[in-house]
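Here the structure comes first, spelled out in structure tokens, and everything after it is commentary.
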Amino acid sequence: MAKRKNVELPPGQISGQAGPAAQPSPSPSAPSSYAVEALELVKTYPGKVTLFNFSLNIPEGGIFGLLGPNGAGKSTFIRILSGLEKEDSGAFRIFGQRPSAESRRRIGVAPQENCFHPLLTCMENLLYYGALYGITGKKAKERAQELINQLGLADKKNVQASFMSGGMKRRLNLACALMHEPRLIILDEPTTGLDPSTRRQLWETVTRIAATTNATVILTTHYMEEAEALCGKIAFVNKGQVAAYGTPRELKRLAGRELLKMKSVPGEYAKLEPLIKKLPGAETITVTEHGIVVEAEDAAALVSAVTQIFMDNSEKIIELSVSRPSLEDVFLKLTGAQLKEATKNEAAGGN
Amino acid sequence: MKLLAEIEKDGKTFLRERRTLILLIAAPLIVLLVLAGVFGKATTEKALPTSIGLCDLDQSEASALFVESVSSHSNIMDYSDEENCGNFVHSQVSQGKLSAAIIIPKGFQEGIADGVSQNMTVFLDNSRVQISPSVEAFLKAAAQGTGQEIGSGFILSVWARLDNASAQLDSILVDVHASRTKALEIQASINETYSSLSSLDFTTLTTQLDAANSTLDGTVLQLQAAQSNLTLMQYKMESYDEELTQTEYDLLRMRAVLENASSSISNASSSVNCTNPVFIPYCISLASMNASVSSAISDVDLRISKINSTRAELREINSTMDEFRANIATSLSETEDVRARISSMYSFVSSLEESREESLSTMREINSSAAQLVSKSDDLEVLILSSKAQIREITSRDAISVIAPILFSSENIFSSRTFFDFLLPSLIPLILMFVSLFLASTSLVREKNSLTLERVYVAQVPLWEYAFTKIASYTVVLSPEVLLLLLTASLVYGAFPLTDTPLLIFLAAALLLLLFAFNALGIVIAAFSESEATAFLASLVIGLPLLFMSGILFPFEFMPAPIVLLGQATPLTPAIIAMQSGILYATPNFSIFITLIIYDIVLAVLAAGALYSTKGRG
């Protein structure tokens, strides 16, 4: 068990951000525009360090993604934020305030699992969780109805939660977190276990909520596409630390350039290479017996010009592809492991 | 409002969880029904006769008397004819074929007749916990009954002997009374003598002797003074005599001188012629001178004569004085005698006084002895009279009352009520204890495992507030169960009149306080339980000992002191006491509420502490 270390955290002052795309620290004198500022958080369990010098600033507003494999420390960070766990050392602030019951009551958490009472209806669950925040009576009913409408639960308003589908349950789980109109919404892997269609619907819902409320949404996920689709900014979390931070585009740049792959017949690539090399934007040309690969910042922009060179040289194109580096590639580059593998390994280790 | 929301949530949850709801309603009723059937027999009804083995090695009237007494309560299986029947009946009991067995030893009757207590061996199958004590009790009762019959005969013979002794005490009493009277007479006589002796005044006598002695001393002194004076006088008289003798001598010499002078004058006259006128004047002077000398001689002679006469008188006086001296000496001698006598008188008076003191002392002793004798005689008389009274009192008693001075005249206060009636006030709290423990613990574990509890934590509800809310919510949710049980107890089993509203409120309040306590304990259990099964088992592990320690199944009186303390230190026991006071004894014990409220507070604090300690363990 790590010994607790007290760290004094001035408002809006996070430094030492880990990872290659270190997050810019705000000026000490500037008012805090961060929903969450965490500095050197450490959390250990017997035989396991879950967070180690975890430092992260989450800007206010928008959707912020916490991406990482299972066991990376995302949920632990969220549990610490929401007061379910106590950090061993380090410090954090919520909207510039020290963690307290008052500051934490601004948080709404939709946990990974569906956390509501299955024998209560949608409306009853929402009223109950509203009451926990002191929202009662007419106001509670109106808010519940608003959420039910907003999240597409109107048909299930008086249906017992246990009788609802998985997607509806996830929505109800989310609605329960929103009853008290939190400024910080934490969605812990909200789409895990959902089919693609339901997942898409939930993405829309999350996007709508983020757009309609001024709340900051922290989304933890291990789905790259989900993070890419929803999050304005993402922090890669791995082994209890922030491995990288930035917009999806910024992060993807870390993984390398876009690639244009072409295969043709008869495939005399050697005479094509100098011609393609002359094209503006083409950075590196690699010729193999299977085709030619052009590395560029914007590979798609080179497609027509490269195609023209192939045709001019009587090469019949049989395969053409443009590939952009994914967040998976970023994670691979940063950690040397596939995110899926890491998730699998972590799960196996956890088991 | 959180409380209302919690109550609404928990209430709806229980209502929609049909199996739980059915169990909540049905299980207690089924338990009550089953137990009513099991314990429905009236306490005044006799138990079925028990089989008791007999090995009568004496085969006497006394043993038959005992066996007859025992057989009125049990089935006697007589194995006396079996070889080595003692071992046989022992094996029958140890194999569970008999509840008990009795061995009546050989010489049973003779021993009793000789006044030797007889020891019968009884083998009891104490594995039959419920029967064994009653079998032992009625065997003891039978032994007591038989003993009474045998003993009463003996007591009557003792009575006769005591009556005889009482008659003898009467003659002793007469003698003692006579002795007492005589002692009193002696005492009176001694007192009189004592008084007389005491009045003797030896002091006056001694004073008079002292005065006589003093007078004697004075007399002696006077006699001695007289003697001394006499001696002095004799001495003076001797000197006077000597002077007289000297004077006489001088006078004689003077006479001789005078005679010589006279002769010279006569010669001178003769030698002168006195006729001659010249000589005549001479002669006349001579003649006158001679006459004067002759006169002087006569005077001297007279004087000598007087001296002689004086001397003679002096001699007489001396002689008289000698006599007087002799008389004084005699008197002195006599004073010595008198002194000796006075001295002896002193001794006599002293010895007389000593003798009187001794006599008085002796008389006091005798008087004291006499007084003691009287006192002892009085005591003895009282003792004899008391002994006689005691003997009279003893012999007037019924022999049976001596052997069995205490007889039971028992009355069942609760007439013919059943065991179940007595059990019911304990059963209701017991059922509610298990229901609340199971319900609170498993429900909260479910909330914990479904992470709905985490939402409560995330909402930053203070844990003490949540613990209280949760306990109160479960209590409210289970309150219909309280009413259901009370209604069943009243309407189905007639435990108390439903119209007695204050009693109903008292009972409901006691049960609600109990529910509060065990709901709190259920939350403590839930806080440390990983699963509903764990919570259920933990509830059982806690609930079952509480059941056994509550005095319902096993009385406190049979438990070791530490267990009694533990048993009384659980919320179940005061709730049972409250229920018993209301239902069984119809005197609601309101003071027990204080104990229950203390338990509620303590357990609620524990529940909050348990929630706090387990928060964030995941």
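In the stretch B:454-469, the residues that give up 10 Å² or more of accessible area when the other protein chains are added, compared with the chain on its own (1.4 Å probe), are B:GLU454, B:ARG455, B:VAL456, B:TYR457, B:VAL458, B:ALA459, B:GLN460, B:VAL461. Summing charges over all other residues whose Cβ lies under 15 Å from the Cβ of B:LEU385, with Lys and Arg as +1 and Asp and Glu as -1, gives -2. Distance between the 7 Å Cα→Cβ label points at B:ARG16 and B:ASP217: 14.0 nm. Take the convex hull of the alpha carbons in the stretch A:178-308; its mean projected area over all directions comes to 12.0 nm².
For the listed residue pairs A:LYS278/A:LYS333; A:LYS252/A:LYS277; A:LYS139/B:LYS12; A:LYS239/A:LYS333; A:LYS86/B:LYS615; B:LYS182/B:LYS388, the alpha carbons are over 19 angstrom apart in A:LYS278/A:LYS333; A:LYS252/A:LYS277; A:LYS139/B:LYS12; B:LYS182/B:LYS388.
Here the accessible area is traced with a 1.4 Å probe on the protein chains. For the protein assembly as shown, carbon and sulfur cover 58 percent of it.
Taking the DSSP beta bridges with both ends in the protein assembly as shown, the antiparallel portion is around 60 percent. Using a probe of 1.4 Å on the protein chains alone, the accessible area found for B:VAL129 is around 90 Å².
Among the helices of chain B, those built from whole DSSP H runs whose Cα atoms reach 27 Å or more along their own axis and whose mean Kyte-Doolittle hydropathy is at least 0.5 are B:18-38, B:419-449, B:463-487, B:501-527, B:592-614. For the stretch B:236-333, pairs of C-alpha atoms spaced more than 19 angstrom apart make up 59 percent of the total.
Taking N as the residue count of the stretch A:257-324, its C-alpha radius of gyration divided by 2.2 N^0.38 Å amounts to 0.95. Solvent-accessible area per residue in the protein assembly as shown equals 51 Å², computed with a 1.4 angstrom probe and all protein chains kept. Once the Cα atoms of helix A:166-178 and of chain A are each reduced to a long axis, what angle between those two axes, in degrees from 0 to 90 to the nearest 10, is obtained? Helix A:166-178 sits at roughly 60 degrees to that axis.
Measuring r between the beta carbons of B:LYS182 and B:ILE394 and using R0 = 41 Å, the FRET efficiency lands at 0.80. With a Förster radius of 25 Å applied to the beta-carbon distance between B:VAL122 and B:PHE554, the computed FRET efficiency rounds to 0.55. Quick check: net charge around B:ILE102, other residues with Cβ under 12 Å of its Cβ, Lys/Arg +1 and Asp/Glu -1? Summing Lys/Arg as +1 and Asp/Glu as -1 gives -3. Of the residues B:HIS177, A:LEU126, B:THR206, the one whose Cα sits farthest toward the positive end of the charge dipole of the protein assembly as shown, with +1 on the Cβ of Lys and Arg and -1 on the Cβ of Asp and Glu, is A:LEU126. Convex hull volume of the Cα atoms of chain A, normalised per residue: 169 Å³.
The largest accessible area among B:GLU238, B:GLU192 belongs to the first residue in B:GLU192, B:GLU238, and the rest follow in falling order (1.4 Å probe, all chains). For the stretch B:202-377, the Kirkwood hydrodynamic radius from C-alpha pairs, put into Stokes-Einstein at 20 °C and a viscosity of 1.002 mPa s, yields a diffusion coefficient of 90 µm² per second. Charged side chains reduced to their Cβ positions (Lys and Arg at +1, Asp and Glu at -1) give the stretch B:242-351 a dipole of some 200 debye around its Cα centre. Bridges between two residues of chain A, per DSSP, are antiparallel at a rate of about 65%. Residues of the stretch A:123-148 buried by at least 10 Å² of accessible area upon assembly of all protein chains, compared with the chain on its own (1.4 Å probe): A:GLU124, A:TYR128, A:TYR129, A:ALA131, A:LEU132, A:TYR133, A:THR136.
Solvent-accessible area lost on pairing B with A (1.4 Å probe, both sides summed) amounts to about 2500 Å². Using only alpha-carbon positions in the protein assembly as shown, the gyration tensor eigenvalues give semi-axes of 147, 61, 26 Å once each is multiplied by 5 and square-rooted (largest first).
Once both labels are positioned 7 Å from their Cα atoms along Cα-to-Cβ, the gap between A:GLU204 and B:ALA137 label points is 8.2 nm.
Placing a pseudo-label 7 Å from each Cα along the Cα-to-Cβ vector at B:GLN224 and A:GLU297 gives an inter-label distance of 17.4 nm. Backbone amide hydrogens, once placed in the peptide plane, bring A:THR247 within less than 5 Å of A:ILE234, excluding anything fewer than 5 places away on its chain. Within the assembled protein chains, the solvent-accessible surface assigned to B:LEU23 is about 110 Å², based on a 1.4 Å probe.
For the stretch B:372-468, chymotrypsin sites (Phe, Trp or Tyr not before Pro) are listed when DSSP marks them as loop and at most 16 other Cβ atoms sit within 10 Å of their Cβ; the list is B:PHE408, B:PHE414. In this view, the solvent-accessible surface of B:ASP210, computed with a 1.4 Å probe and all protein chains in place, comes to about 70 Å². Once the Cβ-Cβ distance of B:VAL349 and B:THR320 is raised to the sixth power relative to R0 = 60 Å, the FRET efficiency obtained is 0.90. Remark: the B:PHE408-B:SER531 segment gains 38.6 nm on full extension, using 0.36 nm per residue and subtracting the alpha carbon distance.
The values are calculated or read from the model by the stated rules, or taken from the named source; none is laboratory data. Note that this is a predicted model, so its numbers are computed, not measured. Cβ atoms come from the backbone with ideal geometry, glycine included; neighbour counts cover every protein chain shown. The protein model used for the area step is the full one, side chains on, heavy atoms only, and it has no ligands, DNA or RNA in it. Shrake-Rupley method; radii C 1.70, N 1.55, O 1.52, S 1.80 Å.
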